[in-house]
Amino acid sequence: MKKIAVIGGGSWGTALAIALTRSRRQHHLALWVHDAEVCESLRTRRVNEVYLPGFTLPQQVEVTGDLGSALRQADIVLGVMPSAHARAVYTRMLPHLDPRMVFVSATKGLELKTLERMTELIAQVVSVKFTPGVAALSGPSFAREVARSDPTAVVIASADRELTASVQEEFSGPTFRLYTNVDVTGVEMGGAVKNVIAIAAGACEGLGLGSNTMAALITRGLAEMTRLATALGGHRDTLAGLAGMGDLVLTCTGALSRNRSVGVELGKGRKLADILSAMRMVAEGVGTTAATVELARRLRVEMPISEQMHAVLDQGRAPRDAIRELMERRLKHE
């Protein structure tokens, strides 16, 4: 029986811990929770009242606020922390890591300072001790729906085919299906950039715009995601699959999307600072937008939707003005 250490007690980490109790294989599961209030709630009441209320965490999941305890004798380390905190958390893990561990990142975002994907960040941090086996988990997967056992399909990606096959077997269950992929870049870039487009989709909703606008935004957003991912070495087919189009459609249209919700409030005229101050959960797209635009600039990749969202988020441009800028751009071939 393998031990899986789930590092991060937000909605997604809690949902994955619940899902893994239903997988085909039996596991020893440990959930590391940074927030003392959340940790106490999960320990005593077995419910994450802050991030995932209404779902009971099975008794077989050990809940701890101690990283060393969570990681002790772990076979798989499943990282589910916000991207802004990933480097600090993985650095804190270092004294407790050993070479037999496999790392799976379920964080969808880019590090703002370095523009690195999460698997790149993990490899860089852990390589001071050993060269880690790393995979990325992504795809259309709202935490609440995974927790309540709605059938969900996601992607596990690594250049190491044995690693992905092993994680696929360990994680898959009756309502949680994993597909393998070797295109880590495409999978991670799809998971990161779709959050930027989702904020734009929410802004359109907040402005009262209709289905024509949403269809155009999703389609052109997919084109942007694909251009950037392929410029980095990703595969076009990956962006047409679960980790690209699938996750993009979900996040742009689903009411449970935090990134879309931020956009809705922006479209209604609220200030970004006010929106974020009222949220306990992280909307990854807010930080990822600046990283995406900078990465596109360095690679000379055209990403007009992302650029306009950067102007809305970082420069205070009105969403309606951003849409007008997009519509009045130089006419071109699709």
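The values are calculated or read from the model by the stated rules, or taken from the named source; none is laboratory data. Only a predicted model underlies this, so the values are computations on that prediction, with no experimental measurement involved. Cβ placement follows ideal geometry from the backbone for every residue including glycine, while neighbour counts extend to all protein chains displayed.
Some values worked out for this structure:
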quantity	calculated
Matching entry among GLU325, GLU284 (being surrounded by fewer than 22 Cβ atoms within 10 Å (Cβ to Cβ) and in contact (Cβ under 8 Å) with a residue 12 or more places away in the chain)	GLU325
Exclusive hit being among the charged types (D, E, K, R) and under 21 Å from the mean Cα position of the chain (by Cα), set ASP35, ASP66, ASP75	ASP35
Within segment 250-272, tally of residues that are more than 14 Å from GLU205 (Cα to Cα) and outside any loop (DSSP other than H, G, I, E, B)	2
Filter result for LEU42 (within 22 Å of the chain's Cα centre (by Cα) and surrounded by 24 or more Cβ atoms within 10 Å (Cβ to Cβ))	no
Flag if ASP150 is buried (at least 19 other Cβ atoms within 10 Å of the Cβ) and of a type in the set (Asp, Glu)	no
Residue within segment 45-52 that is modelled with pLDDT of 95 or more and part of a helix (DSSP H, G or I) present	no
Qualifying residue in segment 286-304 (condition: under 23 Å from LEU115 (Cα atoms), among the small types (Gly, Ala, Ser), more than 15 Å from the chain's Cα centre (by Cα) and not assigned by TED's automatic domain parsing to the domain that holds THR114)	yes
Verdict on ARG270 being without any contact (Cβ under 8 Å) to a residue 60 or more places away in the chain and surrounded by 14 or more Cβ atoms within 10 Å (Cβ to Cβ)	yes
Test: residue in segment 66-78 that is in a helix (DSSP H, G or I), exposed (fewer than 15 other Cβ atoms within 10 Å of the Cβ), without any contact (Cβ under 8 Å) to a residue 12 or more places away in the chain and among the hydroxyl-bearing types (Ser, Thr, Tyr)	no
